[in-house]
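Asker: If you scroll down you'll find the structure; I have some questions about it.
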Amino acid sequence: MIIELDEFTRVEGIGKAEIVIENGSVKEVRVKILEGPRFFELLTVGRNYWDVPDIEARICAICYASHSIASVRAIEKALGIEVPESVEKLRELALLGEIIESHALHLYLLALPDVYGYPDVISMLSKFGELVKEGLAIKAFGNTIRELIGGREIHGINIKPGGFGRYPTEEELGTIAKHANALVRFAKRIVSVFASQEARGAKVEIPMVTSEYLWGDELIVGNERIQYESLDEVPVQYSFAKHTYYKGKPIFVGALARLLLKGDRLVGESSRLLKAYKDKIESGYVIYNNLAQAIELVYALERVSELASEIASEGIEKGSGEASEDSGEGIGYVEAPRGVLVHHYRIEKGRVVWSNTITPTAFNQGMMERSLLEDAKRMFGREPEDRFKNRLEEIVRAFDPCISCSVHLVRL
Amino acid sequence: MKLGVFELTSCGGCALNLLFLYEKLFDVLEFYEIVEFHMATSQRSKEKLDVAIVTGSVSTQRDLEVVKEARNRAEYLIALGTCATHGGVQGGLENSVKENMKKVYGDIRGPTKVLEPRAVIDYVPVDFAIPGCPYEKEEVFQVLIDIAKGVDPVPKDYPVCLECKLNEYECVLLKKGVPCLGPVTLGGCNAKCPAIGLGCIGCRGPIPDPNIPGLVDILKEIIPEGDISRKLKTFTRW
Ligand code: SF4
Ligand code: SF4
């Protein structure tokens, strides 16, 4: 017998799951990614490198800046383009803005109804209106940063190899710094909301992040450092997203993985919160990915305030974007809100001739199935079918899957 | 009035952008009850709809069924975003979807039948189309309010170039030699990209009667000819 979960709601993109029951017990879980393939690797091939970051941005609206930045980093490595410190700092600012926008979207609009048992936030407005409005304010602020650095709230084309089309003014940066500070108080409140969730899902066994908090030159798997090519990408019959394994095991990326491996990066309020909820985070249950995101939200707001003031007071050095080579190969690793993102290109005479992308949600596929399997085993036969299905959907949601992102992996 | 939002293959941006209406979303909710919108609510319904919004391109059998369902249930259907109105980035792919599937997935066929990515308007009649990758929020807000008040919304039909001129921006194409698709791209974004010195990449799709040969003549002086057709095809299959 197969129990079909309906298409997932309150997640980005189209997917569903099947629970396979044999002899009265749960045998297998299949996550079916139904979103149509979008073939981004094929779309970039043949294109002038200059146009590529704008195309890659369209992979995902929730994290377009992460895609553009992973793309420019790979291009810069391939073509020997130097980037001044100020440009790097502005990119960090954009990525933090994206974490703010994306985590706020997930926590307040998509996951919050699970905590209080509602179908959506709209029906929560009369009782929890204030909390929801705080969330919207944080989300809007994250978008303000994306608009300032990226050029638009969604799919801006301001992020270019070597620098930006337009640079922010001192005044704009000052406003950002002030505003971020004021929002920290709101974000702290949502941390305690998500700390109240009970432990569920599978336990994270192999966490994985990039080498530094928001980008690096390799992947960290436990105590090892590897290039992404050591992972295995496996297509599966029932899904448009491939599975990714390391030495035969599923991997896990995202906020929880970042805090488990790089939590020492946090300072100030976020570091105090991480200590306060250490037991929950370290237990490694995937449901606490929500809590980890809430703590990161506080971190990002604090860091934005500090970083924006720093850039404003130092003054901005613009990049020239000058390439020293016209051919080469480069990989860009960036931490998108949902975890590590990889863009890899080979460029010949200024044109992309080969490209590969792996997104966080694709990395998490295997772990998602494992989580559903463990919870389904725990609950099957003990819960009425409706509740059983809803509870499983909540676990899927805790991964904050971004399905559009996951459907165009290819190694040409 | 009852409103449904349906998502097909896309980046999720056009659906997400509705949530980015912020306070204006509350204004929309004064006129509309959202009865279906999978990104925002777990509620599902089979009710008749006064207005349905479809975002994304028809790229799978599942998408095709969803778009037909939306058409059957809705009094007024809006194709929202360049994926829905012109096919979007996936619609600009050069080879057939069969060949592309083979390259990406080998012999694996996937969970549902894959179709050539096409605009919603290629499959069902729509009452209004709002392009943009993503669209301008102000535009969709205005259209929803117009419909609620029984006013016919007005489509835009002029190129980005016109907005550049009205804003008195320096022409990036003729003055700076930056490749720009503004002359053949539907306006409505207030010439966002030329405003910051970058060329338009055509994210709002083509105007109804584009003068392609004229633009190609100018672009030929700036970039190789092969790049011109690639650029034009970024958001739509011509
Ligand atoms: S038109 Fe652009 S923003 Fe809208 S869904 Fe398609 S790719 Fe995303
Ligand atoms: S200028 Fe062109 S590419 Fe830029 S937002 Fe407008 S239509 Fe899109």
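Asker: Note down all Cβ pairs under 7 Å where the first residue falls in the range B:103-115 and is at the interface with chain A (Cβ under 7 Å from one of its Cβ atoms), the second is open to solvent by 40 Å² or more (accessible area, probe 1.4 Å), and they're at least six residues apart or on different chains.
Answerer: Once the first residue is at the interface with chain A (Cβ under 7 Å from one of its Cβ atoms) and sits in the range B:103-115, its partners that are open to solvent by 40 Å² or more (accessible area, probe 1.4 Å) give B:Lys103/A:Leu412; B:Tyr105/A:Pro235; B:Gly106/A:Pro235; B:Ile108/A:Pro235; B:Ile108/A:Gln237; B:Pro111/A:Tyr238; B:Thr112/B:Gln61.
Asker: Based on what the data block shows, is B:Lys156 of a type in the set (D, E, K, R) and away from ligand 2 (no atom under 12 Å from the Cβ)?
Answerer: Taking the combined requirement at face value, the residue does not satisfy it.
Asker: Quick check: is even one residue across the range A:15-34 open to solvent by 20 Å² or more (accessible area, probe 1.4 Å), among the acidic types (Asp, Glu), over 18 Å from B:Ser10 (Cβ atoms) and not in a loop (DSSP other than H, G, I, E, B)? Lay out the reasoning, then the answer.
Answerer: First, pick out the residues of the range A:15-34 that are open to solvent by 20 Å² or more (accessible area, probe 1.4 Å): A:16, A:22-25, A:27-28, A:30, A:32.
Adding the requirement that they be among the acidic types (Asp, Glu) leaves A:22, A:28.
Now restrict to residues that are over 18 Å from B:Ser10 (Cβ atoms): A:22, A:28.
Imposing the further condition that a residue be not in a loop (DSSP other than H, G, I, E, B) reduces the set to A:22, A:28.
Yes.
Asker: Among what's in the range B:184-194 and is touching a Cys at 6+ places or on another chain (Cβ under 8 Å) and away from ligand 1 (no atom under 16 Å from the Cβ), pick the residue that is nearest to the other protein chains (Cβ to nearest Cβ).
Answerer: The qualifying residue nearest to the other protein chains (Cβ to nearest Cβ) is B:Pro194.
Asker: Of A:Ile190, A:Ile159, which residue is within 27 Å of B:Leu18 (Cα to Cα), modelled with pLDDT of 95 or more and within 16 Å of ligand 2 (Cβ to nearest atom)?
Answerer: Numbers: A:Ile190 fails: within 16 Å of ligand 2 (Cβ to nearest atom).
Unique residue meeting the criteria: A:Ile159.
Asker: Might you check whether a residue that is within 28 Å of A:Lys249 (Cα to Cα) and either open to solvent by 10 Å² or more (accessible area, probe 1.4 Å) or charged (D, E, K, R) (or both) occurs anywhere in the range A:334-343?
Answerer: Just the residues of the range A:334-343 that are within 28 Å of A:Lys249 (Cα to Cα), to begin with: A:334-343.
Checking the rest, the ones that are also either open to solvent by 10 Å² or more (accessible area, probe 1.4 Å) or charged (D, E, K, R) (or both) come to A:335, A:338.
Yes, the range A:334-343 has at least one match.
Asker: Identify the single condition in (1) farther than 30 Å from A:Ala294 by Cα; (2) open to solvent by 20 Å² or more (accessible area, probe 1.4 Å); (3) part of a strand (DSSP E or B) that A:Ile347 does not satisfy, given that it satisfies every other one.
Answerer: (2)
Asker: Give B:Glu94, B:Glu138 a once-over and let me know the one that is touching a residue at least 24 places away in the same chain (Cβ under 8 Å), within 13 Å of chain A (Cβ to nearest Cβ) and open to solvent by 70 Å² or more (accessible area, probe 1.4 Å). Show your work before the answer.
Answerer: Details: B:Glu138 fails: touching a residue at least 24 places away in the same chain (Cβ under 8 Å).
Testing whether each residue is touching a residue at least 24 places away in the same chain (Cβ under 8 Å), within 13 Å of chain A (Cβ to nearest Cβ) and open to solvent by 70 Å² or more (accessible area, probe 1.4 Å) leaves just B:Glu94.
Asker: Please determine, by comparing only the residues of the range B:207-227 that are away from every other protein chain (no Cβ under 13 Å) and surrounded by 14 or more Cβ atoms within 10 Å (Cβ to Cβ), which one is nearest to ligand 2 (Cβ to nearest atom).
Answerer: Going through the qualifying residues, I end up with B:Ile207.
Asker: Can you tell me which residue is farthest from B:Val54 (Cα to Cα) among those in the range B:98-129 that are assigned to a helix (DSSP H, G or I) and within 16 Å of ligand 1 (Cβ to nearest atom)?
Answerer: By that ranking, first place goes to B:Asp122.
Asker: Within the range B:17-40, track down each residue that is in contact (Cβ under 8 Å) with a residue 40 or more places away in the chain and open to solvent by less than 40 Å² (accessible area, probe 1.4 Å). Before you say what the answer is, go through the steps one by one.
Answerer: Filtering the range B:17-40 down to residues in contact (Cβ under 8 Å) with a residue 40 or more places away in the chain leaves B:17-18, B:20-21, B:24, B:27-28, B:31-32.
Scanning the range B:17-40 gives B:Asn17, B:Leu18, B:Phe20, B:Leu21, B:Val28, B:Tyr32.
Asker: Among the candidates A:Gly321, A:Gly263, A:Gly339, single out the residue that is farther than 28 Å from A:Leu231 by Cα and of a type outside the set (Ser, Thr, Tyr). I'd like the intermediate steps shown before the answer.
Answerer: Working: A:Gly263 fails: farther than 28 Å from A:Leu231 by Cα; A:Gly339 fails: farther than 28 Å from A:Leu231 by Cα.
Sole residue among the options that is farther than 28 Å from A:Leu231 by Cα and of a type outside the set (Ser, Thr, Tyr): A:Gly321.
Asker: Please go through the range A:237-261 and pick out each residue that is more than 23 Å from A:Lys16 (Cα to Cα) and either modelled with pLDDT under 90 or outside any helix (DSSP H, G or I) (or both).
Answerer: Those that are more than 23 Å from A:Lys16 (Cα to Cα) and either modelled with pLDDT under 90 or outside any helix (DSSP H, G or I) (or both): A:Tyr246, A:Lys247, A:Gly248.
Asker: Still on this structure, please answer the following. When A:Thr144 is evaluated against the numbered criteria (1) free of Cβ contacts under 8 Å to residues at least 40 places away in the same chain; (2) of a type in the set (S, T, N, Q); (3) surrounded by fewer than 20 Cβ atoms within 10 Å (Cβ to Cβ), which criterion, by number, is the only one it fails?
Answerer: All conditions are met except number (1).
Asker: Just give me the residues in the range A:30-81 being hydroxyl-bearing (Ser, Thr, Tyr) and more than 10 Å from every other protein chain (Cβ to nearest Cβ), in sequence order.
Answerer: Of everything in the range A:30-81, those that are hydroxyl-bearing (Ser, Thr, Tyr) and more than 10 Å from every other protein chain (Cβ to nearest Cβ) turn out to be A:Thr44, A:Tyr49, A:Ser66, A:Ser68, A:Ser71.
Asker: Which of (1) under 11 Å from B:Pro117 (Cα atoms); (2) touching a residue at least 60 places away in the same chain (Cβ under 8 Å) is the odd one out, the single condition B:Asp63 does not satisfy?
Answerer: That leaves (2) as the condition not met.
Asker: Quick check on my filter: what residues within the range A:328-343 are small (Gly, Ala, Ser) and touching a Lys or Arg at 6+ places or on another chain (Cβ under 6 Å)?
Answerer: Residues satisfying the conditions are A:Gly330, A:Gly332.
Asker: Kindly provide the set of residues from the range B:61-91 that are of a type in the set (S, T, N, Q), within 16 Å of ligand 2 (Cβ to nearest atom) and within 14 Å of chain A (Cβ to nearest Cβ), ordered by number.
Answerer: Hit for the range B:61-91 is B:Thr82, nothing else.
Asker: Given (1) touching a Lys or Arg at 6+ places or on another chain (Cβ under 8 Å); (2) of a type outside the set (S, T, N, Q); (3) near ligand 2 (Cβ under 8 Å from one of its atoms), identify the lone condition not met by B:Cys203.
Answerer: Checking B:Cys203 against (1) touching a Lys or Arg at 6+ places or on another chain (Cβ under 8 Å); (2) of a type outside the set (S, T, N, Q); (3) near ligand 2 (Cβ under 8 Å from one of its atoms), the one that fails is (1).
Residues are listed down the side, and each one gets a yes or a no for (1) open to solvent by 60 Å² or more (accessible area, probe 1.4 Å); (2) within 16 Å of ligand 1 (Cβ to nearest atom):
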{"residue": "B:Leu144", "(1), (2)": "no, no"}
{"residue": "B:Pro155", "(1), (2)": "yes, no"}
{"residue": "B:Pro159", "(1), (2)": "no, no"}
{"residue": "B:Glu168", "(1), (2)": "yes, no"}
{"residue": "B:Lys175", "(1), (2)": "yes, no"}
{"residue": "B:Gly182", "(1), (2)": "no, no"}
{"residue": "B:Gly202", "(1), (2)": "no, yes"}
{"residue": "B:Gly205", "(1), (2)": "no, yes"}
{"residue": "B:Ser229", "(1), (2)": "no, no"}
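Asker: Select, from A:Ser196, A:Ser239, the only residue that is small (Gly, Ala, Ser) and open to solvent by 10 Å² or more (accessible area, probe 1.4 Å).
Answerer: Numbers: A:Ser239 fails: open to solvent by 10 Å² or more (accessible area, probe 1.4 Å).
Of the residues listed, the single one that is small (Gly, Ala, Ser) and open to solvent by 10 Å² or more (accessible area, probe 1.4 Å) is A:Ser196.
Asker: Can you name the condition, by its number, that B:Asn95 falls short on among (1) within 12 Å of ligand 1 (Cβ to nearest atom); (2) over 15 Å from the mean Cα position of the chain (by Cα); (3) not hydroxyl-bearing (Ser, Thr, Tyr)?
Answerer: Unmet for B:Asn95, out of (1) within 12 Å of ligand 1 (Cβ to nearest atom); (2) over 15 Å from the mean Cα position of the chain (by Cα); (3) not hydroxyl-bearing (Ser, Thr, Tyr): (1).
Asker: Please go through the range B:124-135 and give me each residue that is open to solvent by less than 20 Å² (accessible area, probe 1.4 Å) and either more than 15 Å from the chain's Cα centre (by Cα) or within 12 Å of ligand 2 (Cβ to nearest atom) (or both), ordered by number. Step through it out loud before you land on a result.
Answerer: Filtering the range B:124-135 down to residues open to solvent by less than 20 Å² (accessible area, probe 1.4 Å) leaves B:124, B:128, B:130-135.
Within the range B:124-135, B:Val124, B:Pro131, B:Gly132, B:Cys133, B:Pro134, B:Tyr135 meet the criteria.
Asker: Any residue at all in the range A:75-85 that's within 18 Å of the chain's Cα centre (by Cα) and aliphatic (A, V, I, L, M)?
Answerer: no
The values are calculated or read from the model by the stated rules, or taken from the named source; none is laboratory data. Here the structure is a predicted model, which means the values were calculated and not measured. All Cβ positions, glycine included, derive from the backbone under ideal geometry; neighbour counts span all protein chains shown. Note: areas computed on protein heavy atoms with side chains; ligands, DNA, RNA excluded. Shrake-Rupley method; radii C 1.70, N 1.55, O 1.52, S 1.80 Å.
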